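Quick notes on the structure that follows.
The values are calculated or read from the model by the stated rules, or taken from the named source; none is laboratory data. Small disclaimer: the values here were computed from a predicted structure and weren't measured. Because the Cβ atoms are built from the backbone with ideal geometry, glycine has one as well, and the counts that use them run over all protein chains shown.
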Amino acid sequence: MTQPIQPEVTIVEKKLLSDNWYFLHKVSFDYTGRNGKTSRLDREVYDRGNGATILLYDPKRDLVVLVRQFRMPAYMNETDGLLIETPAGLLDGEHPEEAIRREAIEETGYQVRDVRFLFKCFMSPGAVTELIHFYAAIIDVEDRVSEGGGLEEENEDIEVLEIPLSQALTMVESGEILDGKTIMLLQWALLNRDRLR
């Protein structure tokens, strides 16, 4: 594969539109592409920081631990807003592995031992700066140290779900699981099931 030709990008103006929840900027920039033509472009960019997510898999029971919680953007797109997801959260200045260990306990009550880094990716790079770090961990019933459910001081209302892996995959096909990061981790689990035992 050949090396891509790096475009020339010059930011002309970066204007803060909102800092109510995270940061929404309007960015005006000059973009010179592969054809040598320069265009002035405007984009809105939402910066909420980077995050991490984890697939919690119990090989003895052949199930995954997922969470269900309300998401306003999903609600605004003609759903009930309740999404089934892998545990996840923002890094908040922590190393991704530290952050996902914390989130796993807060959301599910499971304390993870060996955490395996899988990959990282942008989920919506056309508008959002967030880079998500993906992990997997083997768990069993002894690893559950609390009820989970999220932090009350953050107004989290999280339901913990233990779902057989085969059922979770069927839920992707049926549209019961719509979250991108969760679908990616379940597909990874399907492809790597032998390595998860």
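For the range 111-160, a residue qualifies if it is among the aliphatic types (A, V, I, L, M) and not in a strand (DSSP E or B), and the qualifying residues are VAL112, MET123, ALA127, ILE139, VAL141, VAL145, LEU151, ILE158. Within the range 66-99, restricting attention to residues that are aliphatic (A, V, I, L, M) and touching a Lys or Arg at 6+ places or on another chain (Cβ under 9 Å), the residue that is farthest from LYS120 (Cα to Cα) is LEU82. Annotation note: Cβ proximity below 9 Å between a residue of the range 145-172 that is polar (S, T, N, Q) and a residue that is not in a helix (DSSP H, G or I) (sequence gap 6+ or interchain) occurs for SER146/GLY109; SER146/TYR110; SER146/GLN111; SER166/ASP62; GLN167/LEU63; THR170/GLU176. Within the range 69-87, residues that are within 19 Å of ALA99 (Cβ to Cβ) have Cβ atoms under 6 Å from residues that are hydroxyl-bearing (Ser, Thr, Tyr) in these pairs: GLU85/THR182; THR86/THR53; THR86/THR182; PRO87/THR108, counting only partners at least 6 apart in sequence or on another chain. So is ILE163 assigned by TED's automatic domain parsing to the domain that holds ASP92, under 16 Å from ASP62 (Cα atoms) and not in a loop (DSSP other than H, G, I, E, B) or not? Yes, satisfied. Total residues in the range 181-197 satisfying the condition of being among the small types (Gly, Ala, Ser) and loosely packed, with under 13 Cβ neighbours inside 10 Å: the figure is 0.
If I ask for residues that are crowded, with 17+ Cβ neighbours inside 10 Å and more than 30 Å from HIS25 (Cα to Cα), which ones from the range 149-161 would you list? Residues satisfying the conditions are GLY149, ILE158, VAL160. Test GLU176 against the criterion of being in the same structural domain as LEU66 (by TED's automatic domain parsing), of a type outside the set (S, T, N, Q) and not in a helix (DSSP H, G or I), and give yes or no. For GLU176, the condition - in the same structural domain as LEU66 (by TED's automatic domain parsing), of a type outside the set (S, T, N, Q) and not in a helix (DSSP H, G or I) - is met.
In this structure, is LEU16 farther than 30 Å from ALA136 by Cα, among the aliphatic types (A, V, I, L, M) and touching a strand residue (DSSP E or B) at 6+ places or on another chain (Cβ under 8 Å)? Taking the combined requirement at face value, the residue satisfies it.
For the range 138-197, filtering for residues that are in contact with an Asp or Glu (Cβ under 6 Å, 6 or more places away or on another chain), of a type outside the set (A, V, I, L, M) and under 19 Å from VAL112 (Cβ atoms) leaves 4.
When each of SER146, SER166, SER124 is tested for being touching a helix residue (DSSP H, G or I) at 6+ places or on another chain (Cβ under 8 Å), of a type outside the set (Phe, Trp, Tyr) and either over 13 Å from VAL67 (Cα atoms) or surrounded by fewer than 16 Cβ atoms within 10 Å (Cβ to Cβ) (or both), the lone residue that passes is SER146.
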